Amino acid sequence: MANGTPEIEYYDHELNIRRVIEQSDLQSMDQALNICDLSSLERKLRLWQKLIPRIKPYYAVKCNNIPVLVKFLADLGTGFDCASKNELKLVLGLGVSPERIIFAHPSRPASHLEYAKEHEVVNGTVDNEFAIYQLTKHFPNSNIIVRFKSESTKALYLLGEKYGCDSEADAPDLMLLSKALGLKVTGTSFHVGSACSEVEAYDRAVEKAENIFRFGELIGHKMDLLDVGGGFPGKNDELFEELAAAVNTSVQNRFPDERVQVIGEPGRFFVEAAYTLICKIHAKREVRNKNGKLEKNMYFLNDGMYGHFAAMFYRPEELTPVLYLDDVESRPKFKSVIWGPSCDSQDKILDDCLLPNLNCGDLLGFRNMGAYTVPIASPFNGFDVPVTRFFAKRP
Ligand SMILES: Cc1ncc(COP(=O)(O)O)c(C=O)c1O
C-alpha cells in the first residue's frame, strides 16, 4: 500500500481464490478478507457495450465507492452517477470531466448544489417543485432531468416511495414551472428498482419517458437526455441479456432519434460479482437438548450484518457459503446458524443452513459481495470491517 492507495496485484489467466487464501495468512488476521477482481468490471463493461451500445453507463458510485475501483472504471471511460458532494469530489478528483457525471439525487442540499455549480456538473435530477425553486437560487443554469416513478413488480429494492414524481400528474407541472422560472429541462430519468428481474419493466418506464419528452418539447424545452437508471443484475448475465434486449428494443422504438443521448446508472451490475468475502469462524457454540443431543452448531464469523452483510438482510437465501475444505461433500451435515461478531442478537447472517462440523479457524467464502457492502459496513462494537486485496488480469 503506497500513500494509502491499495496496490493492484496482477494474475495471468484466472484469479484463483484458493491460492489467494493460501497466501493471505488469514489465521493471524482478525478481519475478514475481501478479494476484489477488478477485471470482472471490465468484462461487465464489454458485455454492456456489446448488448446495449447506445446506452452509456454512468456507474452509480453509491454502490461501491472504493477509489481504486472507481478509478479503474474511470480509466475504462465510463460515466458516473454521483449522489452527493463527496461522491462528486471523488470522481472529479480522478480527473473525470463534468460531462461524464450526472448528479442523480432529486433532493440535494444547497451546499452540494453550489459545489456542482462551481465544478460545472450541470446534469442533475429533480422530482419536486421545492427542488426547482432551490435551483433558481443555487444553480439556475443547470440541466434539469425530471425523475419520475416507474417501478418493477419484480425488483428487490424499490425506490419509488422516496423518489420519482408521477409521470402524468406531476412531471408536466414541473416542466411548466421550470419554463416559467426560466430554467432548462433537458431530459428525464427513472429507476425501476434494484436487482430487477422483470423484462417488461423498462419498456413501461421508457414509454412514460417518451410522453415526458413530447410534453417538454411541446412547451419549448430542448429535451436530449434519457436516463434509464439502474436495476440491472450483477451476477446473472443471462437475465442481463434478456433485460438488455428489452431495453434496446424499447429505446430504439420510442427514441429513434440518435441525437437523444441515452445513459444508464448501473451500480450492482458492475460490482456485485467482483467481490468474494472470506470470513473466518472465530468462535463456536454447540446447542444441545436436555438429553445432550446436538440440536445445532452456532458459528461466529469475523464479519456480519453491521459489516458487509448489511444489505443482505432481505435475501439471506442468496447467501451460500463456500467451504474451502477438500472433503466437504462426504462429511455429515448439521443444522447450523451463522452469526456476525457483534454482541447484538440481530447480527445473524444465516438462520438455518446445513454445514459439516466446522471448527474455529475454518473459512467460509461468500461470492458476489461487491454491491452495497463496502460503503455501508461499520466497525460496530469495535469489530473492524474487512480488508480488501485488489486483483486484475495482467494487461
Ligand atoms: C438514482 C440511482 N441510480 C442508480 C442506482 C443504482 O442501482 P443498481 O445498483 O440497481 O444498478 C441507485 C441505487 O439505489 C439509485 O438510487
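The values are calculated or read from the model by the stated rules, or taken from the named source; none is laboratory data. Predicted model only: the values in this text are computed from it and were never measured. Cβ coordinates were reconstructed from backbone atoms using ideal geometry, including for glycine residues, and neighbour counts include every protein chain displayed. The area values use the complete protein model at the heavy-atom level, side chains included, leaving out ligands, DNA and RNA. Shrake-Rupley method; radii C 1.70, N 1.55, O 1.52, S 1.80 Å.
Comparison of Ala371, Ala311, Ala392, Ala377 shows that the only residue that is open to solvent by less than 70 Å² (accessible area, probe 1.4 Å) and part of a helix (DSSP H, G or I) is Ala311. Tell me, please, whether a residue that is within 16 Å of the ligand (Cβ to nearest atom), in a loop (DSSP other than H, G, I, E, B) and farther than 30 Å from Arg315 by Cα can be found in the stretch 97-104. Among the residues of the stretch 97-104, not one is within 16 Å of the ligand (Cβ to nearest atom), in a loop (DSSP other than H, G, I, E, B) and farther than 30 Å from Arg315 by Cα, which makes the answer no. Taking the conditions (1) buried (at least 22 other Cβ atoms within 10 Å of the Cβ); (2) in contact (Cβ under 8 Å) with a residue 40 or more places away in the chain; (3) of a type in the set (A, V, I, L, M, F, W, C) in turn, Ala246 satisfies each one other than (1).
For the stretch 259-283, the set of residues classified as hydroxyl-bearing (Ser, Thr, Tyr) and open to solvent by 10 Å² or more (accessible area, probe 1.4 Å) consists of Thr276 only.
Pro256 meets all of the listed conditions (1) more than 16 Å from the ligand (Cβ to nearest atom); (2) within 17 Å of the chain's Cα centre (by Cα); (3) open to solvent by 40 Å² or more (accessible area, probe 1.4 Å) but one, namely (2). Out of Ser40, Ser111, Ser84, one residue alone is farther than 30 Å from Arg254 by Cβ, surrounded by 15 or more Cβ atoms within 10 Å (Cβ to Cβ) and more than 12 Å from the ligand (Cβ to nearest atom). It is Ser40. Number of residues in the stretch 100-123 that are farther than 19 Å from Arg147 by Cα and not polar (S, T, N, Q): the value is 6. Is it the case that the stretch 297-308 has a residue that's more than 16 Å from the ligand (Cβ to nearest atom), outside the structural domain of Asp25 (by TED's automatic domain parsing) and touching a residue at least 60 places away in the same chain (Cβ under 8 Å)? Within the stretch 297-308, none of the residues are more than 16 Å from the ligand (Cβ to nearest atom), outside the structural domain of Asp25 (by TED's automatic domain parsing) and touching a residue at least 60 places away in the same chain (Cβ under 8 Å). Taking first residues from the stretch 66-90 that are touching a residue at least 24 places away in the same chain (Cβ under 8 Å) and partners that are β-branched (Val, Ile, Thr) and surrounded by fewer than 17 Cβ atoms within 10 Å (Cβ to Cβ), the Cβ contacts under 9 Å between residues at least 6 apart in sequence or on separate chains come to Pro67/Thr5; Val68/Thr5; Val68/Ile8; Phe72/Ile8. With respect to (1) open to solvent by 60 Å² or more (accessible area, probe 1.4 Å); (2) under 27 Å from Lys89 (Cβ atoms); (3) of a type outside the set (Asp, Glu), the lone exception for Leu135 is condition (1). Scanning the stretch 190-217 for residues that are open to solvent by less than 20 Å² (accessible area, probe 1.4 Å) and without any contact (Cβ under 8 Å) to a residue 24 or more places away in the chain yields a count of 0. Any residue at all in the stretch 318-337 that is over 20 Å from Arg288 (Cβ atoms) and within 16 Å of the ligand (Cβ to nearest atom)? Yes; the residues of the stretch 318-337 include at least one that is over 20 Å from Arg288 (Cβ atoms) and within 16 Å of the ligand (Cβ to nearest atom). Confirm whether Val185 is over 30 Å from Asp75 (Cα atoms), more than 14 Å from the ligand (Cβ to nearest atom) and among the β-branched types (Val, Ile, Thr). Judged against the criteria, Val185 is a match.
The set of residues from the stretch 227-249 being in contact with a Phe, Trp or Tyr (Cβ under 6 Å, 6 or more places away or on another chain) and more than 15 Å from the ligand (Cβ to nearest atom) comprises just one member, Ala246. Note on the stretch 43-73: among residues that are open to solvent by 10 Å² or more (accessible area, probe 1.4 Å) and among the hydrophobic types (A, V, I, L, M, F, W, C), the one that is nearest to Ile376 (Cα to Cα) is Ile66.
Restricting the stretch 156-189 to residues that are of a type in the set (A, V, I, L, M), touching a residue at least 40 places away in the same chain (Cβ under 8 Å) and assigned to a loop (DSSP other than H, G, I, E, B), the residue that is farthest from Tyr58 (Cα to Cα) is Leu181. Given the criterion under 30 Å from Ala274 (Cβ atoms) and not in a loop (DSSP other than H, G, I, E, B), identify the matching residue among Phe72, Phe130. That would be Phe72, the only listed residue that is under 30 Å from Ala274 (Cβ atoms) and not in a loop (DSSP other than H, G, I, E, B). Within the stretch 18-41, being assigned to a helix (DSSP H, G or I), without any contact (Cβ under 8 Å) to a residue 40 or more places away in the chain and charged (D, E, K, R) holds for Arg19, Glu22.
Taken across the stretch 129-136, residues that are in contact with a strand residue (DSSP E or B) (Cβ under 6 Å, 6 or more places away or on another chain) and not aliphatic (A, V, I, L, M) do not occur at all. If you check Gly220, Gly216, Gly230, which single one turns out to be within 18 Å of Lys179 (Cα to Cα) and assigned to a loop (DSSP other than H, G, I, E, B)? Exactly one of Gly220, Gly216, Gly230 is within 18 Å of Lys179 (Cα to Cα) and assigned to a loop (DSSP other than H, G, I, E, B), namely Gly220.
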